[in-house]
Each structure stands twice: as structure tokens, then as C-alpha cells.
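These notes are about the structure you will find just below.
None of the figures in this text is laboratory data; all of them are computed from the coordinates on show. Everything numeric here is computed off the predicted structure, so don't read it as measured data. Every residue, glycine as well, gets a Cβ built from its backbone with ideal geometry; the counts of neighbours run over all protein chains shown.
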Amino acid sequence: MNTSIHSFYSLDDSLHSILTAICKSSIEIEKKVRFSALYQLHGNHSSQNTSGDIQKKLDVISNDIMIYYLIHSYACNVLLSEENDEPILVPADKKGKYLVAFDPLDGSSNIDCNAPLGTIFSISENDKNEILLHGNRILMAGYVLYGPNTEMVICYDNKVQRFMLNEEETFCHIGRMIHGEKKIYSINEGNSNHWYADTKMFIDECKKTGYAARYIGSMVADVHRTLLYGGVFSYPADKKNKQGKLRLLYECFPMAKIVESAGGRAIVGHATNQRILDVMPTSIHQRTPIVLGSAKEIEKYVCLSSKL
Ligand code: AFP
């Protein structure tokens with residue numbers, strides 16, 4: 001019998017409530033995703049989010065679900081969502097002491113073709129009601145992968161655990177995340193004309209040394225595979241997108257926390273080998289280049305780029 005996520009961790013009341021809110025949200029989002037084609041949930045919403053992305057109908061629905069449950073956890077004071085232009089300040093009567101940053105439905109351009117999607121989140125203690133917190137203050141980070149199985153991966157206390165959603169709508173523990181060792185690179189090669197020399201050199205080296213290429217275009221699925229099978233994932237800076245594409249707070253901080261706690265590394269790359277978690281955010285929707293994967297792969301990237 002697998003242990004449920006709630007029995008697995010002994011958390012204080014507030015963290016427990018937030019984790020419950022995230023479980024409830026992802027169970028609802030999972031149903032919307034699973035039946036989206038039947039209930040006309042494919043396609044675009046009539047708006048764009050602050051990053052200029054066209055919002056899908058399911059982006060908006062998933063965001064509303066997450067906000068509702070997190071506010072009603074009575075444990076948060078600030079919510080930062082990739083889909084909201086401004087921070088959400090929780091009303092005084094429902095306020096707690098944690099900040100939660102989340103991307104309710106990452107990879108949503110994959111919805112209409114039935115490819116995997118995910119929810120990404122991080123939770124930080126926030127006694128002073130701040131908005132921009134350093135990545136090193138994250139207490140718990142995780143993602144939910146809506147794939148053939150629905151799986152929640154949680155990083156807490158620097159350990160990464162896997163939980164699978166069962167028929168009774170409970171996330172059950174299936175084991176600790178073990179880093180794979182396969183040779184796989186994962187990057188949007190369509191951008192290669194714009195790449196800087198560091199990325200070009202590293203990917204050329206991967207090709208020369210027998211790596212396979214895998215890229216879904218849904219960060220949760222690409223990072224999950226990178227963790228389980230091994231290799232490297234990158235959304236680098238390039239000449240067109242000087243800050244890459246991915247958002248520091250909603251995508252890169254949580255993934256960096258998870259990857260590092262599973263024994264890997266996550267760095268900014270391109271002339272800086274700074275840890276992603278050491279980047280001090282200056283705005284809630286800021287983007288950052290990222291290179292992540294097993295420690296061995298990142299060492300190789302650092303070593304090659306130091307020759308430039
Ligand atoms: P969408 O949510 O718009 O599909 O973007 C997904 C994403 O933020 C991330 O999940 C992917 O890794 C990355 O963008 C894919 O971007 P490209 O389509 O430019 O490769």
C-alpha cells in the first residue's frame with residue numbers, strides 16, 4: 001500500500017493546508033485537461049498575459065482554480081501567478097504567512113495536440129509580506145505532470161519525492177527521484193541560427209558524442225524526463241531572446257530547486273555559471289536563460305564554455 005502525500009510528510013498546519021490546496025487544484029486541473037476536447041476547452045482565451053503570451057482557455061481556468069484554493073488555504077499572504085500581471089495580495093481575513101509562486105498550466109501551447117502539460121509551484125516563508133524573494137528561500141517546490149499518468153514531484157527538505165495520482169484521487173508515494181544517466185539533450189533546435197557560441201559548441205559536442213535529441217516544448221515534461229532518464233535541458237539566451245524565454249519565478253526557481261536537490265545543477269549559462277537559485281529577482285515576470293541537468297553534464301557545459 002503506497003503512502004498518501006499527506007501521511008508522507010509531517011508539515012506544520014499552514015504548509016499542510018497549502019499542499020492540500022495544490023493537490024485539490026491539480027486534481028481539478030487534471031480533469032479539465034483530460035476532458036478538454038470533449039468540453040470545448042481547447043483553443044485560445046480572448047486575452048494575453050503580461051509576458052505577451054496568448055492565453056489558452058485552460059490557462060485561465062487553471063489559474064482561477066489555483067487562486068481559489070490557495071486563498072482558501074488561509075495560509076498565504078502573496079500569490080504570484082504567471083497568468084496575472086500583478087501580485088495577488090490575499091485579503092486580511094484569509095491571510096497567512098507564505099508566498100506561493102506558480103505557473104498553473106505550463107506548456108499550454110501543447111493542449112490542442114494532446115501532449116503533456118504541467119503545473120509548477122514554489123512555496124516560501126514570507127513573514128514580511130514581501131513580493132520578490134530570493135530562490136534560496138524556497139521551502140517546498142514541485143510540479144504536477146499531466147501525462148499518461150498524473151504525477152506530482154515534490155522537493156522538500158532537499159529531497160525529491162514522486163507521488164502518483166490513483167483512482168481514489170490521492171497522490172501516493174512511489175519513491176524518491178533517482179537521476180538517470182542517459183545521454184540526451186533537450187533544446188529548441190529551431191532557434192539554433194540565433195544561438196551564441198557556448199550553446200552551439202555544447203550541442204555540437206553532444207552530437208559528436210552520441211547523444212539523442214528529445215524536446216517536447218513543455219518544460220515540466222522535458223525536465224521530468226531529464227531527471228529520470230538523464231542528460232541536459234536548456235532554454236538558453238540567444239541573439240533574439242537575450243534573456244531566454246522561461247520565467248525565473250514560476251519555472252526556473254522551482255525547477256532549479258528540484259534539480260539541485262536531486263543531485264543535479266541548474267545554472268544561468270551564457271557567460272555566467274551563476275546558480276539559478278542565486279539570481280535575485282528584480283521583477284515578478286522576469287525571464288532567465290537556463291541550463292540544467294546532471295552535475296556531470298553541467299560540468300561539461302561549464303568546461304567547454306570556459307574555452308571560448
Ligand atoms: P507555453 O506555456 O506557451 O506552451 O510555453 C511553454 C514554455 O514556457 C515551457 O514549458 C517550454 O519549455 C518552453 O516554453 C517552450 O518554448 P518554445 O516553444 O519556444 O521551445
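Miscellaneous remarks
- Unit charges on C-beta of K, R, D, E only; dipole of the chain, Debye: 960
- Mean sequence separation of contacting Cα pairs (under 8 Å, at least six apart), scaled by the length of segment 66-208, corresponds to a relative contact order of 12 percent.
- Proximal lysines to K296, defined as alpha-carbon separation beneath 24 angstrom and excluding residues fewer than eight positions away on the same chain: K159, K182, K183, K200, K207, K208, K257, K307
- With θ taken as phi - 60° and the Karplus curve 6.51 cos²θ - 1.76 cosθ + 1.60 applied, the whole-hertz 3J(HN,Hα) list for segment 94-107 is 10, 7, x, 10, 10, 9, 10, 10, 8, 10, x, 8, 7, x Hz, x standing for glycine and proline.
- Residue among N191, G142, C155 farthest towards the positive dipole end of segment 133-233, charges placed on Cβ: N191
- Plainly put, segment 215-286 has a radius of gyration that is 0.93 times its Kirkwood radius, both from alpha-carbon atoms, as the Rg/Rh ratio.
- Relative contact order (%) - the chain, alpha-carbon pairs under 8 angstrom, separation at least six: 16
- Part-to-part distance (alpha-carbon centres) for segment 55-103 and segment 11-38, which is given in Å: 13
- Within segment 164-203: backbone nitrogen closer than 14 Å to the A271 label point (7 Å, Cα to C-beta): 196-199
- Rounded, prolate or oblate (a/c below 1.5 giving rounded, otherwise prolate when a/b exceeds b/c) for segment 95-192 by Cα gyration tensor: prolate
- Relative contact order of segment 104-168: 24 percent, from C-alpha pairs under 8 Å at least 6 residues apart in sequence.
- Alpha-carbon radius of gyration plus Dmax, which is the widest Cα pair, for segment 75-126 in Å: 13.5, 42
- Under 17 Å from a label point set 7 Å out along the Cα-to-Cβ vector of Y39, the amide N atoms of segment 67-81 belong to 67-69.
- Overall form of segment 185-308 per C-alpha gyration tensor (a/c, 1.5; a/b vs b/c): rounded
- Karplus-derived HN-Hα couplings along segment 12-19 (A = 6.51, B = -1.76, C = 1.60, θ = phi - 60°), whole Hz, x at Gly and Pro: 5, 4, 5, 5, 4, 5, 5, 4
- Applying the Karplus relation 6.51 cos²θ - 1.76 cosθ + 1.60 with θ = phi - 60° to segment 112-129 yields 3J(HN,Hα) values of 5, 10, 6, 9, x, 10, x, 10, 10, 8, 9, 10, 10, 6, 8, 4, 9, 6 Hz, where x marks Gly and Pro.
- Percent of Cα-Cα distances greater than 28 Å, calculated over the chain: 35
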